[in-house]
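Let me begin by presenting the structure, written as structure tokens, before commenting on it.
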Amino acid sequence: MKNLLLKSIALLKNVIFLIRPNLFLGFLRSPSLFFSNVLSLTKWISEQSKDVIFNDYFTFKRDYLKRYKLYENIVAKNNLSTEAIDYIEFGVSDGSSFKWWVNSNSNPSSKFYGFDTFEGLPEDWGFTYDKGEMSAPIPKINDLRAEFVKGLFQKTVPDFITNHKLKSEKKKIIHCDADLFSSTLYALSMISPFIQVGDIILFDEFNVPNHEFLAYEIFTRTFYVKTKLIGAVNNYYQVAMVVTEVPKNSLNLFTLS
């Protein structure tokens, strides 16, 4: 019975390939993907605990400055103002959030790394932003703990990982603000061997179904990383999660000091 079922599925698949339904149904690909991801996002939202640090859901007005209230809650609840941390931001733009974190942590052993092309988006983002938009000069920060890495993540992150030893005993704050699905998924995938239980991951445009949310979904499923929501503002546009589970011995992929 099982073999018959498998053969039937294979035959049906081959017939579909032969018919090539994309020729007359191809226009449904984008809206179908969006609708599917919206369903996944709303399911994710419905599963979240109500006892998070800070959550303004539901609100009709988006206030981008609320993200700083989210940061304040995270720092206060986790005693991050004096703890040695590795802060890694993917998507720096003008550096406003990067500067906030630098100014909010006084530990001399902390490190702050900011990745960006500083030449704008490397590809179109939805129907609103075109490739090259949101460019900004490299921010100027008078703090020796801060370092900016200019260029596409796909070109800069591998060298960074080779040349920097992210210490396992330091809590990592990973801020994903690259907007794009491709950039977010790549950044999280590359940094995954260093992620440990207790690390915090921030997203700045999380409730965009086809981009940061989709990247998060694929990343957590692919790398068997589990997280818990600890804060959200602007209807889950900006969120903060703490890592609760990672594969054992993931740090053994690299030699760390």
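The values are calculated or read from the model by the stated rules, or taken from the named source; none is laboratory data. All of these numbers come straight from a predicted model, not from anything done at the bench. Reconstructed Cβ throughout: ideal geometry from the backbone, glycine too, with neighbour counts over all protein chains shown.
Return yes when Asp86 is in the same structural domain as Asp56 (by TED's automatic domain parsing), of a type outside the set (Lys, Arg), touching a residue at least 40 places away in the same chain (Cβ under 8 Å) and out of contact with any strand residue (DSSP E or B) (no Cβ under 9 Å at 6 or more places or on another chain) and no when it is not.
no
Val233: among the hydrophobic types (A, V, I, L, M, F, W, C) and touching a Lys or Arg at 6+ places or on another chain (Cβ under 7 Å), yes or no?
When the stated conditions are applied, Val233 passes them.
Residues in the stretch 37-45: is at least one of a type in the set (Ser, Thr, Tyr), within 17 Å of Tyr237 (Cα to Cα) and surrounded by 10 or more Cβ atoms within 10 Å (Cβ to Cβ)?
Taking every residue of the stretch 37-45 in turn, at least one turns out to be of a type in the set (Ser, Thr, Tyr), within 17 Å of Tyr237 (Cα to Cα) and surrounded by 10 or more Cβ atoms within 10 Å (Cβ to Cβ).
Could you check how many residues of the stretch 34-57 are more than 25 Å from Trp125 (Cβ to Cβ) and of a type outside the set (Gly, Ala, Ser)?
The total comes to 8.
Is there any pair linking a residue in the stretch 68-83 that is of a type outside the set (Asp, Glu) to one that is in a helix (DSSP H, G or I), with Cβ under 6 Å and at least six apart or on different chains, and which?
Taking only residues 6 or more apart or on different chains, the pairs are Ser81/Val75.
Residues of the stretch 235-257 being in a loop (DSSP other than H, G, I, E, B), in contact with a Leu (Cβ under 9 Å, 6 or more places away or on another chain) and at pLDDT 65 or above, which ones?
Passing the criteria: only Tyr236.
Let me spell it out: the conditions are (1) surrounded by fewer than 15 Cβ atoms within 10 Å (Cβ to Cβ); (2) touching a residue at least 60 places away in the same chain (Cβ under 8 Å); (3) in a strand (DSSP E or B), and Glu147 meets all of them except one. Which number is the exception?
Condition not satisfied by Glu147: (2).
Could you check how many residues of the stretch 82-98 are under 13 Å from the mean Cα position of the chain (by Cα) and of a type outside the set (A, V, I, L, M)?
3
Being of a type outside the set (D, E, K, R) and either more than 18 Å from His175 (Cα to Cα) or surrounded by fewer than 12 Cβ atoms within 10 Å (Cβ to Cβ) (or both) is the requirement here; does Ser93 meet it?
Taking the combined requirement at face value, the residue does not satisfy it.
Go through (1) closer than 28 Å to Lys226 by Cα; (2) loosely packed, with under 13 Cβ neighbours inside 10 Å and name the single condition Ile53 misses.
(2)
Filter the stretch 199-225 down to the residues that are farther than 20 Å from Lys167 by Cα, out of contact with any helix residue (DSSP H, G or I) (no Cβ under 7 Å at 6 or more places or on another chain) and outside any loop (DSSP other than H, G, I, E, B) and list them by number.
Tyr216, Thr220, Arg221, Thr222
Here's the yes/no breakdown for (1) assigned to a strand (DSSP E or B); (2) at pLDDT 95 or above:
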site	(1), (2)
Lys99	no, yes
Tyr113	yes, yes
Pro137	no, yes
Glu169	no, no
His175	yes, yes
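Those residues that are more than 20 Å from Tyr71 (Cβ to Cβ) and buried (at least 19 other Cβ atoms within 10 Å of the Cβ), I need them from the stretch 105-117; list them, please.
Thr117, the sole residue that qualifies.
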